[in-house]
Amino acid sequence: MAGPYEIFVLIKQVPDQGSKAGLNPDGTIDRAKAKRMLNPFDRYALQAALHVKRTYGGRVTAISMGPPPAVEILLEALEHGVDRGFLLSDRRLAASDTLATAYALYKTVTHVGKFDLIFCGLQTTDGDTAQVGPQLAERLSLPQVTYCEDFHLDDGRLHARRIIEGGVQFVDCVAPALITVANSYHPLAYKSFRGAWRVQQLQRNPEELGKYIRTVDLDIIQADPERCGLKGSPTIVAATEKVGELGGNCSMYEGHAPDEMVGELIEKSNLKEFLVA
Amino acid sequence: MSESVNLAPPSDGEVLVIAEQILGELQPVSLELLGAGRYLADKLGGKLSTVILGDNLGDIPKKLIEYGADTVYVADDPELRTYRTLSYRRVVCDLLETFKLPPHIVLLGSTTTGRDLAPRIAANFETGLTADCTELDIGPYEHKSKVDPSKVGLYEGCLYAIRPSFGESLKARILGPWKNPQMATTRPGQMTPLAPDANRVGKIVNIPVKLQKEDLRLVVAETVREVSKGVRLAEADVIVSGGYGLGSKEGFELMHELAKCFENSAVGASRKVVDLGWIPYEHQVGQTGKTVRPKIYIACGISGAIQHRVGMSKSGTIIAINKDPDAPIFKFAHHGIVGDVYQIVPELIRQFKDKLATKGEKTVVHTH
Ligand SMILES: Cc1cc2nc3c(=O)[nH]c(=O)nc-3n(C[C@H](O)[C@H](O)[C@H](O)COP(=O)(O)OP(=O)(O)OC[C@H]3O[C@@H](n4cnc5c(N)ncnc54)[C@H](O)[C@@H]3O)c2cc1C
Ligand SMILES: Cc1cc2nc3c(=O)[nH]c(=O)nc-3n(C[C@H](O)[C@H](O)[C@H](O)COP(=O)(O)OP(=O)(O)OC[C@H]3O[C@@H](n4cnc5c(N)ncnc54)[C@H](O)[C@@H]3O)c2cc1C
């Protein structure tokens, strides 16, 4: 089986931690107020999915689970050249841990249909577990390549380079497979003017947009609500505690001539204790 | 006052550590896990077991006993020489199936292997898994949320899995007391191994390896790994590390020149520049490189990504040189110069040389 490939890419909307708005006093995130963005790690997954389509041919479907505003990242994916998007949105999914999330995504993936490759991000910037990809692969009984830095396809066979401790590993397997893409993969290319324009047009015409982005719930994908949300989650976040910013008191030397800054650094630090005699 | 009943599932308190080797070399995180596992098992009144998979494991099982294991399950088979998700998953899941009661706790390292394997095992057994923990403990938990009335009540002997989150600004305590095994991965360098005891007794149990065709779907064509030879990062008092901000391979000449200004120094690097081939792997500091703890760490043109930070954050003094005032490294460095490495580092070297020269003069004055 050579190209074209049926490619799925899983993307998640996360709070924008760069913006201080939407942080509760205890440091947790007020999801209602926080700015939202596409999980930065999923940009590499998107790039990988689009690369397959552009190089070998095929169709890219973006899939996300989240509250209704998550449709924003599916629109963003369309702008980048993704062909269609599915949003799984259902109140019964609230407080899903990774096991419940992977189950719900598994039901969504099988609802959407057949695929050759599933790309995931390495991890998210909020839950930050890197567990959902492998858990989904387990549900789908797929081989997986995690920490993938680069890959190519050869007649349906995936050849990939992945990160390991102290080095890299070259692996290969036949599609279907699930790949989690490392942030040392190629960054997401800028969206084309045409892509952005097309999505702008679509947004003016909800009926037309509905052909490209579909929102589904647990009933549509025939998922068991008992296995979703808080009920389906074996873990809970029992408590959080704010820890001081790491170090947090860096003496900065800034805005002066190099010789002055360096002089000051040598003066104030313990560097001189270690100079060769 | 009514006595609360313990709703925790039945358990004999056993803790299982999934140990890890790469090309026959036992990974340090496995010994750290045994240290943590011993503490947890003792608190639960259970035994500590560990499983190791590989080919020609030699005296690794014995070493695992010396470091605290009561039982070592050994899967020694040519097919297990290199880690592969599906074959390792099969052997570990088969082993867990043989337990009358599931282990209370199962632990793995948050390495690229542990983070690849743990979620597959957890999903197979539909149990909870906490990622990348920095602390583990045992304690009671009272569940009050009424969302699922069947869960309300007291649970004894829960695994407290504590992990940093939201860019390390929060510590979250994750619990999953309803089902065993309670699983967690722990960050390398966080737990403390026990002192090895050659007289410790333990049991070594060979376990069957029954792989199926579908477990061999992925082929490892090649593993490229450079284990440190000449570079003595671990022992150095001063490490001068270079990152992508150096702009080219030649930048490392400057790093070596700066390092030469110090006694007992070494040159380190970020993974990004190692990947680019600017410097060999053995210089890499971080999650997939070395964990170092020098008295002074000088980071030149390194952004301070979490994977780099975990390998050097315990250094005595961290000095960062970066042209971006918002670089994450300034959040945890002790001294930060905002500037171009090619202006700052030569100036540092020049001023050090001046200092040494004046030192020399003074000595001369004295002897006269
Ligand atoms: C502070 C904190 C700590 C937590 N710790 C744990 C824990 O230790 N164990 C646990 O089981 N749960 C934990 N959770 C819950 C977990 O964050 C959620 O289950 C979340 O839905 C998915 O996990 P993640 O964000 O870690 O995803 P990751 O596993 O890091 O995501 C990897 C990839 O999977 C895909 N993906 C993940 N979520 C979605 C989605 N909603 N839609 C589409 N694709 C997706 C993306 O491609 C993503 O890049 C924690 C939550 C918080 C807030
Ligand atoms: C599974 C996994 C494991 C990993 N393991 C490791 C690991 O062990 N070690 C590791 O280091 N990384 C590791 N990484 C990679 C890590 O995420 C970062 O990508 C990497 O650390 C970035 O390297 P860097 O800081 O050199 O480059 P960048 O992030 O690109 O930073 C370069 C910095 O240089 C500054 N700069 C640019 N020009 C100049 C100049 N002229 N003067 C001064 N400053 C300048 C920039 O402002 C920037 O801050 C791992 C990643 C993954 C996914």
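Looking at the stretch A:69-218, what % of the alpha carbon pairs are farther apart than 19 Å?
On the way: 6828 of 11175 pairs.
In whole percent, the share of Cα-Cα pairs in the stretch A:69-218 beyond 19 Å is 61.
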*Using the Cα atoms as the points, what is the convex hull volume per residue of the protein assembly as shown in Å³?*
190
*What is the gain in length, in nm to one decimal, between B:GLU263 and B:LEU276 on full extension, counting 0.36 nm per residue of separation less the C-alpha to C-alpha distance?*
1.8 nm
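Using the crude model of +1 on Lys and Arg Cβ and -1 on Asp and Glu Cβ, and no other charge, please compute the dipole size for chain A relative to its Cα centre, in debye to 20. Intermediate values should be presented prior to the final figure.
On the way: 30 positive and 35 negative charges, 227 e Å.
For chain A, the charge dipole is close to 1080 debye.
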_Residues whose placed amide H lies under 5 Å from that of A:VAL243, excluding near-sequence neighbours_ = B:LEU170, B:LYS171
*For A:LYS231, go through the aspartates and glutamates and keep the ones whose alpha-carbon is under 15 Å away, minus same-chain ones fewer than eight residues off.*
A:ASP90, A:ASP97, B:GLU126, B:ASP148
_Top of B:PRO325, B:PRO61, B:PRO119 by mean-square fluctuation, Gaussian network on chain B, Cα under 10 Å_ = B:PRO325
*20 °C / 1.002 mPa s Stokes-Einstein diffusion coefficient of the stretch B:7-216, Kirkwood radius on C-alpha pairs, µm²/s*: 124
_For a 27 Å ceiling on Cα separation, which of these pairs sit above it: A:LYS242/B:LYS63; A:LYS242/B:LYS331; B:LYS260/B:LYS314; B:LYS63/B:LYS260; A:LYS114/B:LYS213?_
A:LYS242/B:LYS63; B:LYS63/B:LYS260
*Please name which of A:HIS256, A:ALA182, A:LEU50 has its Cα lying farthest along the dipole of the protein assembly as shown towards the positive end, using unit charges on Cβ (Lys, Arg +1; Asp, Glu -1) and the Cα centre as origin.*
A:LEU50
*Placing +1 at every Lys and Arg Cβ and -1 at every Asp and Glu Cβ, with all other atoms neutral, what dipole size does the stretch B:89-186 have around its Cα centre, in debye to the nearest 20?*
180
*Which of A:GLN169, A:GLY156, A:GLN131 sits farthest toward the positive end of the charge dipole of the stretch A:5-227, with +1 on the Cβ of Lys and Arg and -1 on the Cβ of Asp and Glu?*
A:GLY156
*Find the eigenvalues of the gyration tensor of the Cα atoms of the stretch B:179-300, then list the square roots of 5 times those eigenvalues as equivalent ellipsoid semi-axes, largest first, in whole angstrom.*
37, 23, 14
*Could I have the simple spin-label model distance between B:THR98 and A:LYS35, label points 7 Å from Cα toward Cβ, reported in nm to one decimal?*
5.6
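Can you give the calculated 222 nm mean residue ellipticity of chain B, where each DSSP H run of n ≥ 4 adds -39,500 (n - 2.57) and the sum is split over every residue, rounded to the nearest 500 deg cm²/dmol? Could you put the intermediate results ahead of the total?
Working: 8 runs with 94 residues, N = 368.
So the calculated ellipticity at 222 nm is -8000 deg cm²/dmol.
Restrict the search to the stretch A:187-277; then list the GluC sites (Glu not before Pro) that DSSP places in a loop and that have at most 15 other Cβ atoms within 10 Å of their Cβ. Before the final figure, lay out each step's value.
Numbers: sites: A:GLU207, A:GLU208, A:GLU226, A:GLU241, A:GLU245, A:GLU254, A:GLU260, A:GLU264, A:GLU267, A:GLU273; in loops: A:GLU245, A:GLU254.
Within the stretch A:187-277, the qualifying GluC sites (Glu not before Pro) (loop, at most 15 other Cβ atoms within 10 Å) are A:GLU245, A:GLU254.
Classify the stretch B:166-219: rounded, prolate or oblate, from the alpha-carbon gyration tensor (a ≥ b ≥ c, eigenvalue square roots; a/c under 1.5 rounded; otherwise prolate if a/b is larger than b/c)? Spell out each step's value before the answer.
Working: a/c = 1.94, a/b = 1.19, b/c = 1.63.
It comes out oblate by the Cα gyration axes.
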*asked:* Kirkwood hydrodynamic radius, computed over distinct alpha-carbon pairs, for chain A: how many Å, to one decimal?
replied: 20.9
*Which ³J(HN,Hα) values in Hz, rounded to whole numbers, follow from the phi angles of the stretch B:301-307 under the Karplus curve 6.51 cos²θ - 1.76 cosθ + 1.60, where θ = phi - 60° and Gly and Pro get x?*
x, 10, 6, x, 4, 3, 5
*Where in the stretch B:248-268 is the amide nitrogen less than 18 Å from a point lying 7 Å along the Cα-to-Cβ axis of A:LYS272?*
B:261-263
*Given charges at Cβ of Lys, Arg, Asp, Glu: the protein assembly as shown dipole, positive-most of B:LEU159, A:LEU218, B:LEU107*: A:LEU218
*How would B:THR291, A:THR61 line up by accessible area, probe 1.4 Å, largest first?*
B:THR291, A:THR61
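Kirkwood hydrodynamic radius (Cα pairs, Å) of the stretch B:238-288?
Values: mean 1/r = 0.0927 Å⁻¹.
So the Kirkwood estimate lands at 10.8 Å.
Taking every pair of Cα atoms in the stretch A:75-121, average 1/r, invert it to obtain the Kirkwood radius, and report Rg/Rh to two decimals. Intermediate values should be presented prior to the final figure.
On the way: Rg = 12.3 Å, Rh = 12.4 Å.
Looking at the stretch A:75-121, the ratio lands at 0.99.
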*asked:* For B:SER303, what accessible surface area do you get with a 1.4 Å probe? Give it in Å², rounded to 10.
replied: 60
*Rounded, prolate or oblate: which fits the stretch B:308-363 when a ≥ b ≥ c are the square roots of the eigenvalues of the alpha-carbon gyration tensor, with rounded for a/c under 1.5 and prolate only if a/b beats b/c?*
oblate
*asked:* Below 8 Å, C-alpha to C-alpha, sequence gap of six or more: please give me the relative contact order for the stretch B:158-243 in percent.
replied: 14
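Quick one: dipole size for the protein assembly as shown, taken about the Cα centre, charges +1 on Lys/Arg Cβ and -1 on Asp/Glu Cβ, in debye to the nearest 20.
So the magnitude is around 780 debye.
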*Given H placed 1.01 Å from N in the peptide plane, which residues other than close sequence neighbours of B:LYS203 have an amide H under 5 Å from its amide H?*
B:THR71, B:VAL72
*Over 23 Å, how big is the tail of the calculated P(r) for the stretch B:238-363, in percent of all Cα pairs?*
25
*Ranking by accessible area, most exposed first, for B:HIS104, A:HIS186, A:HIS159 with a 1.4 Å probe*: A:HIS186, A:HIS159, B:HIS104
*In whole Å, what are the Cα extents of the stretch B:125-218 along the three principal axes, biggest one first?*
45, 39, 32
*Could you tell me whether the stretch A:153-226 comes out rounded, prolate or oblate from its Cα gyration tensor? Rule is a ≥ b ≥ c as square roots of the eigenvalues, rounded for a/c under 1.5, then prolate if a/b exceeds b/c, otherwise oblate.*
oblate
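By DSSP, what percent of the beta bridges with both residues in the stretch A:5-227 are antiparallel, rounded to the nearest 5?
Working: 18 of 44 bridges.
If we restrict to bridges inside the stretch A:5-227, about 40 percent are antiparallel.
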*What is the distance, in nm, between label points placed 7 Å from the Cα along the Cα-to-Cβ direction at B:LYS144 and at B:LYS314?*
3.7
*Please give, to one decimal in nm, the separation of the simple spin-label points placed at B:LYS203 and B:LYS323, each 7 Å out from Cα toward the Cβ.*
6.4
*Local charge sum around B:THR111 (other residues, Cβ-Cβ under 10 Å, Lys/Arg +1, Asp/Glu -1)?*
-1
*Placed amide H near A:GLY156: partners under 5 Å, 5+ positions off or other chain*: A:GLY3
*Top to bottom by accessible area (1.4 Å), largest first, where do A:LYS191, A:LYS114 land?*
A:LYS114, A:LYS191
*At 0.890 mPa s and 25 °C, Stokes diffusion of chain B via Kirkwood alpha-carbon radius, µm² per second*: 107
*Just the C-alpha atoms of the stretch B:1-106: what Rg/Rh do they give, with Rh taken as the Kirkwood radius?*
1.05
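The values are calculated or read from the model by the stated rules, or taken from the named source; none is laboratory data. Please read these numbers as outputs of a predicted model, since none were measured by experiment. Note that each Cβ is placed from the backbone with ideal geometry, even for glycine, and that neighbours are counted across all protein chains shown. Quick note on the areas: whole protein, heavy atoms, side chains included, nothing else; ligands and nucleic acids left out. Shrake-Rupley method; radii C 1.70, N 1.55, O 1.52, S 1.80 Å.
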